[in-house]
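Single-structure report; data block below.
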Amino acid sequence: MARLHFEDSAYQNRDTETVLDTLLRHQVSVPYSCRNGVCLTCMLRCSEGPVPAAAQKDIRETLRIQGCFLSCLCHPIADMTIGLPDDSLVFGRATVTAVDKLADTICRVRLLPAMPLYYHAGQFVNLHRSDGLVRSYSLASLPRADSDLELHVKRLPGGAMSNWIFESLVPGAALDIDGPHGGCYYLAEESDRPLLLIGNGTGLAPLFGIARDALASDHLEPIHLYHGTRYSDGLYLDRELRAMATAHDNFTYVPCLSGDEVPAGCRRSRAERAAFADHSALADWRVYLCGSPAMVNKTKKLAFLAGAALADICSDPFEMTDKRAVPRD
Amino acid sequence: MVQTLFERIGGDAAVDGAVDLFYRKVLVDDRISHFFETTDMDEQRAKQKAFLTWAFGGPKEYSGKDMREAHKDLVAKGLDDSHFDAVAGHLQDTLKELGVGEDIIGEVMSVAGSTRDDVLNR
Ligand SMILES: Cc1cc2nc3c(=O)[nH]c(=O)nc-3n(C[C@H](O)[C@H](O)[C@H](O)COP(=O)(O)OP(=O)(O)OC[C@H]3O[C@@H](n4cnc5c(N)ncnc54)[C@H](O)[C@@H]3O)c2cc1C
Ligand code: HEM
């Protein structure tokens, strides 16, 4: 019987078990999805020991020579030392199908992955430019409704990837992507909990996906979405979100502006302030926070103190690789 | 077999419920909240859980040396008996709110109290 060395522990593989089965039996948390050798989510990398050929048959050559294999198809023949594959190894091709400007500094990028991507709205992918520049962008699309992936990109002054996307990315271009990553998404088994979604800037991208996912899943309880930005131009999905609010009784959309000019129908406030002014008792709520790290981290504490359990607060701070970051509102 | 306090309280799940309650009390208490200021709440919560698990006699062992090490920097920042009493008070209130029996609360509090000198690095 083979032993599996994973991180700092060793696990005994039972005769009929795959590597994935063994890890899950020991409550080791590894990503997986279809358990059928299709989605590639459960890919691991073997650094020592033999890899059965059957576990590598659908794996690209470049990954195969690195020892990547599908844990759901792998019946070990001898001891193996395994680990999660380096993110940068596991990417697929995607073709740009559209780049549309939604506001002065925001554009929507649509991508068609060569291999279907199994993801939840609200997770994120990493885009790889051919020179090796990598940045994360959240998925605003809903897999069951949209064939393409949808990303919302905010152009930052001096930002390498965002400016390149604005200036040079055109339909037909190919990009490498890896993912999906992240745990910020709608949970279908929670259809009876109120949801509070708070985002600023393009933090709206994952929230838009999550809200649509919840509505498409016949969510029973209220869903409140607060979007904050400085100028009304930044309320880049205003029309779509108002239409969603009209169509669904349990969905409210609250656009919030922190600048001086506030048109009718918008709140003059930061999104998080408006949200807590309206909802101050969050026990049993699920809370989603996306956007600038400063807002997300501050709001997380406020949500917790308002009664939400820490485990029920999903957040995606849009951390930037460059720490000179200026406020991104 | 004699059950440990940790098991009698309800094990890991019960501790999870207690952590959020306890952490909330600590964060809003101006006397001590500054010791807990941190950017990563999840990490802080994990440490709070370690604390409660230990106070309930859970499986993880902490030696007096660990306790000293964990709080050394805080003592340098002024951690003293008054802060210790405040934290102990929140622990007691948390247990009461959860409906834990008086005798068990007494046991937990005496476990916690026994760490005073180590926590305060005396
Ligand atoms: C999980 C996750 C999800 C994300 N999702 C999204 C999303 O959906 N949409 C989105 O728009 N972003 C998202 N981001 C942020 C995104 O990944 C990038 O960080 C962002 O687009 C900036 O990348 P960039 O290459 O354009 O900027 P970088 O080149 O990385 O620059 C970052 C910052 O530094 C500043 N800077 C750069 N050079 C200089 C200089 N010489 N002097 C002064 N300042 C400078 C830039 O203005 C910018 O503010 C996400 C991030 C994470 C971690
Ligand atoms: C009843 C007495 C106490 C016990 C049993 C206790 C126990 C612990 C434990 C087990 C840890 C985690 C160590 C680790 O895993 O890194 C810890 C960390 C910590 N404790 Fe306590 N503690 C006590 C009192 C206090 C008090 C009075 C304060 C401040 C008011 C405090 C503040 C902290 C902080 C801020 C940390 C995190 C330190 C870090 O980030 O490294 N503790 N404590």
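The values are calculated or read from the model by the stated rules, or taken from the named source; none is laboratory data. On a predicted model such as this, the values are computed, not experimentally measured, just so you know. Neighbour counts run over all protein chains shown; Cβ positions are idealised from the backbone, glycine included. Areas reflect the complete protein model, heavy atoms only, side chains present, ligands, DNA and RNA absent. Shrake-Rupley method; radii C 1.70, N 1.55, O 1.52, S 1.80 Å.
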Within the stretch A:96-107, track down each residue that is open to solvent by 50 Å² or more (accessible area, probe 1.4 Å) and in a strand (DSSP E or B). A:Thr97, A:Asp100, A:Lys101
Evaluation of B:Tyr23 against (1) in contact with a Lys or Arg (Cβ under 7 Å, 6 or more places away or on another chain); (2) near ligand 2 (Cβ under 10 Å from one of its atoms) (one fails), failing number: (2)
From A:Gly234, A:Gly228, which residue is farther than 22 Å from A:Leu215 by Cβ, under 24 Å from the mean Cα position of the chain (by Cα) and surrounded by 13 or more Cβ atoms within 10 Å (Cβ to Cβ)? A:Gly234
Would it be correct to say that A:His75 is assigned to a loop (DSSP other than H, G, I, E, B) and at pLDDT 90 or above? yes
For the stretch B:59-71, indicate whether the set of residues that are of a type in the set (S, T, N, Q) and either at pLDDT 85 or above or more than 12 Å from ligand 2 (Cβ to nearest atom) (or both) is non-empty. no
Checked against (1) more than 18 Å from B:Phe22 (Cα to Cα); (2) within 11 Å of ligand 2 (Cβ to nearest atom), B:Phe84 satisfies every condition except (1)
Out of A:Met80, A:Met43, which single residue is farther than 26 Å from A:Leu175 by Cβ and not assigned by TED's automatic domain parsing to the domain that holds A:Ser147? A:Met80
Does the stretch B:52-62 include one or more residues that are open to solvent by less than 30 Å² (accessible area, probe 1.4 Å), in contact (Cβ under 8 Å) with a residue 12 or more places away in the chain and more than 23 Å from A:Ala311 (Cα to Cα)? no
In the set A:Glu167, A:Glu150, the lone residue that is over 30 Å from A:Cys42 (Cβ atoms), more than 6 Å from ligand 1 (Cβ to nearest atom) and assigned by TED's automatic domain parsing to the domain that holds A:Ala114 is A:Glu167
Filter pass, B:Val15 being more than 10 Å from chain A (Cβ to nearest Cβ) and either part of a helix (DSSP H, G or I) or over 15 Å from A:Leu305 (Cβ atoms) (or both): yes
In the stretch B:33-51, what residues are more than 14 Å from chain A (Cβ to nearest Cβ) and under 13 Å from the mean Cα position of the chain (by Cα)? B:Ala50, B:Phe51
Restricting the search to the stretch A:170-193, which residues are touching a residue at least 12 places away in the same chain (Cβ under 8 Å), open to solvent by 20 Å² or more (accessible area, probe 1.4 Å) and more than 16 Å from ligand 1 (Cβ to nearest atom)? A:Val170, A:Pro171, A:Gly172, A:Ala173, A:Ala174, A:Leu187, A:Ala188, A:Glu190, A:Ser191, A:Asp192, A:Arg193
Taking the stretch A:33-51 only, how many residues are in contact with a strand residue (DSSP E or B) (Cβ under 9 Å, 6 or more places away or on another chain), charged (D, E, K, R) and either open to solvent by less than 40 Å² (accessible area, probe 1.4 Å) or modelled with pLDDT under 90 (or both)? 0
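Yes/no matrix, rows are residues, columns are (1) among the β-branched types (Val, Ile, Thr); (2) open to solvent by 50 Å² or more (accessible area, probe 1.4 Å); (3) within 16 Å of ligand 1 (Cβ to nearest atom):
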{"residue": "A:Ile77", "(1), (2), (3)": "yes, yes, no"}
{"residue": "A:Ala94", "(1), (2), (3)": "no, no, yes"}
{"residue": "A:Val109", "(1), (2), (3)": "yes, no, yes"}
{"residue": "A:Val125", "(1), (2), (3)": "yes, no, yes"}
Among the residues of the stretch B:81-105 satisfying the criterion of being small (Gly, Ala, Ser) and more than 14 Å from the chain's Cα centre (by Cα), which is modelled with the highest pLDDT? B:Ser82
Sort out which residues of the stretch A:242-278 are farther than 21 Å from A:Glu221 by Cβ, at pLDDT 95 or above and touching a helix residue (DSSP H, G or I) at 6+ places or on another chain (Cβ under 8 Å), and write them in order of number. A:Pro255, A:Cys256, A:Leu257, A:Cys266, A:Arg267, A:Ser269, A:Arg270
Just give me the residues in the stretch A:251-283 being loosely packed, with under 14 Cβ neighbours inside 10 Å and either among the polar types (S, T, N, Q) or within 14 Å of chain B (Cβ to nearest Cβ) (or both), in sequence order. A:Ser280, A:Ala281, A:Ala283
